[in-house]
Amino acid sequence: MKVTLIMPSIGRKPGQRYITTWQMEPLVLALLAGLTPSDWTPEIQDDRVEPLDYDRPTDLVAITVETYTARRAYQIAAEFRRRGVRVVMGGYHATLLPDEVRQHADAVVIGEAEPVWATVLADAKAGRLQPVYRSERTTDLAGLKVDRRVYAGKPYLPLTLVEFSRGCRHACSFCSITAFYKATHRFRPPAEVAVEVRAAGNKTVFLIDDNIAASEEAAFALCAAFKPLGVNWVSQISVDAAANPRLVKAMAEAGCMGVLIGFESLRPDTLVRLNKRCNGGPERYDAALALLRQHGICVYATLMFGMDGDDPASFREAMSFIRKHRFFLTAFNHVVPFPGTPLYARLQAEGRLVSPAWWLDPAFRFGQVAFHPRPMTAPQVAELCRRYRRKFYSWRSILHRGLDLQTNARSLAVFGLFLTQNYLGRREVEEKFGLPLGFVDPIVKGA
């Protein structure tokens with residue numbers, strides 16, 4: 001029996017290649033492959049890096065679905081089902097909106113796949129696939145197996161993705177991760193993660209955790225396990241953890257070369273509305289960033305705009321903050337009301353969503369704002385985000401940030417990576433903006 005695991009893209013502008021920086025290994029599919037019993041053969045098709053072959057023989061298709069990829073996932077599912085192939089869907093979007101997803105699939109997995117995946121495959125083999133499989137328990141992450149053989153022949157970025165933990169103990173109102181994991185956090189045995197990294201054989205690793213230091217004790221143990229490996233790694237971390245001198249020192253000694261930090265806003269009242277009080281505000285930001293700089297750790301800063309009270313001055317304040325700290329990368333994001341989050345529920349109750357299911361609107365484009373901000377308009381927020389991305393990725397800005405000898409240019413290797421990533425970021429400002437959700441019909445049929 002054969003199961004085809006599919007990673008959908010967000011969409012594609014006709015005639016344009018897919019976004020380069022979004023072509024990373026689909027770790028979730030390798031995890032599913034590792035869970036697959038020996039009487040099934042897993043293979044992957046990745047809509048981001050290759051045309052899909054709908055006519056390749058298979059007994060079951062499994063598609064992972066996120067909100068931004070939902071429309072494309074449904075297009076893909078329709079093509080396979082039209083050919084008589086059964087389709088099962090899972091992932092964040094399927095868990096948060098199972099009734100919607102059920103309209104496009106033969107079966108839906110709600111929650112984590114590990115407790116139910118073997119049952120799904122056994123039922124599919126016996127011809128008794130159920131419409132819903134609900135994972136009633138959280139997964140013990142010890143013994144997690146990843147089968148990276150399914151990546152063979154795929155042109156992914158030269159970066160190994162590894163999972164250390166799941167979830168986050170914070171409960172930010174905009175975060176779908178919080179909604180999925182119910183503000184819980186679990187982690188794998190650090191020694192097992194180290195074994196996986198060593199087996200992968202890549203010296204550059206991205207730990208995909210939403211907050212690698214949600215458990216301080218576990219983070220220290222991971223650093224101890226990574227220190228002998230001689231790898232360079234990046235991950236995400238919260239501001240409060242980044243302000244811990246002992247932890248930052250341990251991370252640097254273990255090979256950490258960069259961290260992504262969700263600052264979101266410089267305004268304390270906005271952080272309160274986002275339920276992200278853990279950030280503390282600009283004073284804590286400065287202290288944490290000084291500590292990271294001291295240890296040569298680069299920073300990818302993410303900021304969000306469009307919350308109530310945000311105005312054009314919010315962007316100017318953010319740009320001054322960015323210039324001051326000379327970030328490796330920065331994301332000027334608008335707030336996204338993901339379904340299942342408190343933010344989505346509030347905006348829906350206030351009648352401020354552009355569309356209740358904006359992710360399915362054929363006219364909606366990546367970069368547009370899916371709700372009505374106050375006092376700015378949705379087009380104003382979208383255009384200011386676009387404008388300040390251009391400013392950040394201007395050659396003048398790249399030069400200013402690139403000459404930071406403590407972080408972005410602390411070695412030739414880091415400086416080379418800085419130039420590559422910023423060149424791609426500059427190019428992708430316009431490639432991403434206006435990206436359709438889903439493919440136009442001829443591309444779907446002709447893939």
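Just so you know, all these numbers are worked out from the coordinates, no wet-lab data involved. This is a predicted model, so every value here is computed, not measured. As a convention, Cβ positions derive from the backbone with ideal geometry for all residues, glycine included, and neighbour counts pool all protein chains shown.
Considering only 220, 305, 194, and ranking their Cα positions along the charge dipole of the chain that arises from unit charges at the beta-carbon of Lys, Arg, Asp and Glu, the one farthest toward the positive end is 305. Candidates 274, 356, 392 compared by Cα position along the dipole of the chain: farthest toward the positive end lies 392, with charges placed on Cβ. Using a simple spin-label model with pseudo-atoms 7 Å out from Cα toward Cβ, residue 424 and residue 53 lie 2.7 nm apart.
Taking max minus min of the alpha-carbon positions on each principal axis, segment 81-148 gives extents of 39, 26, 23 Å, largest first.
Enter the angle in degrees (range 0 to 90, nearest 10) between the Cα long axis of helix 216-226 and the first principal axis of the Cα atoms of the chain, meaning the one along which they spread out most. It works out to around 80 degrees. Our coupling estimate for segment 401-418, obtained by passing each phi through the Karplus curve with A = 6.51, B = -1.76, C = 1.60 and θ = phi - 60°, is 6, x, 8, 7, 6, 7, 10, 5, 10, 6, 7, 4, 5, 5, 5, x, 5, 4 Hz, Gly and Pro reported as x. The helix-only estimate of mean residue ellipticity at 222 nm for the chain, built from DSSP H runs of length n ≥ 4 each weighted as -39500 (n - 2.57), is -11500 deg cm²/dmol after division by the residue total. Modelled spin-label separation between residue 169 and residue 361, with each label point placed 7 Å from Cα along the Cα-to-Cβ direction: 3.9 nm. Ordering 60, 26, 41 by the projection of their Cα atoms onto the charge dipole of segment 26-87, which places +1 on the Cβ of Lys and Arg and -1 on the Cβ of Asp and Glu, puts 60 at the extreme positive end. Dipole check for the chain: with +1 at the C-beta of Lys and Arg, -1 at the C-beta of Asp and Glu, and the Cα centre as origin, the magnitude is about 1040 Debye.
For segment 90-156, the relative contact order works out to 28 percent when only alpha carbon pairs closer than 8 Å and six or more residues apart are counted. Partnerless cysteines in the chain, where a partner means another cysteine C-beta under 4.7 angstrom, comprise 168, 223, 256, 278, 298, 385. Only Cα pairs under 8 Å and 6+ residues apart enter the sum, and on that basis the relative contact order of segment 2-134 stands at 24 percent.
Equivalent-ellipsoid semi-axes for the chain (Cα gyration tensor, √(5λ), whole Å, largest first): 34, 27, 21.
Shown is the FRET efficiency for residue 320 and residue 395, computed with R0 = 22 Å from the Cβ-Cβ distance and rounded to the nearest 0.05: 0.65.
Less than 5 angstrom separates the built amide H of residue 371 from those of 354, all sequence-distant by 5 or more or on a different chain.
If the segment from residue 122 to residue 191 were pulled out straight at 0.36 nm per residue, it would be longer than the present Cα-Cα gap by 21.6 nm. Segment 311-372 and segment 93-167 have Cα centres spaced 28 Å apart.
I need to check one value: relative contact order of the chain, counting alpha carbon pairs closer than 8 Å and at least 6 residues apart, in percent. For the chain, the relative contact order is 15 percent. Here, P(r) means the percent of Cα pairs in each 5 Å bin from 0 to the largest distance; for segment 2-134 it is 2, 10, 23, 25, 22, 12, 4, 2, 0. Here the peptides 99-106, 23-30 are ranked by packing, the mean other Cβ count within 10 Å, and the order with the highest first is 23-30, 99-106.
Distances between placed amide hydrogens fall under 5 Å for residue 334 paired with 305, all partners being 5 or more residues away or on another chain. Between the beta carbons of residue 354 and residue 1, assuming R0 = 41 Å, the FRET efficiency works out to 0.40 to the nearest 0.05. Measuring r between the beta carbons of residue 132 and residue 249 and using R0 = 60 Å, the FRET efficiency lands at 0.80.
Remark: spin-label model distance residue 269-residue 38 equals 6.5 nm, labels positioned 7 Å along the Cα→Cβ axis.
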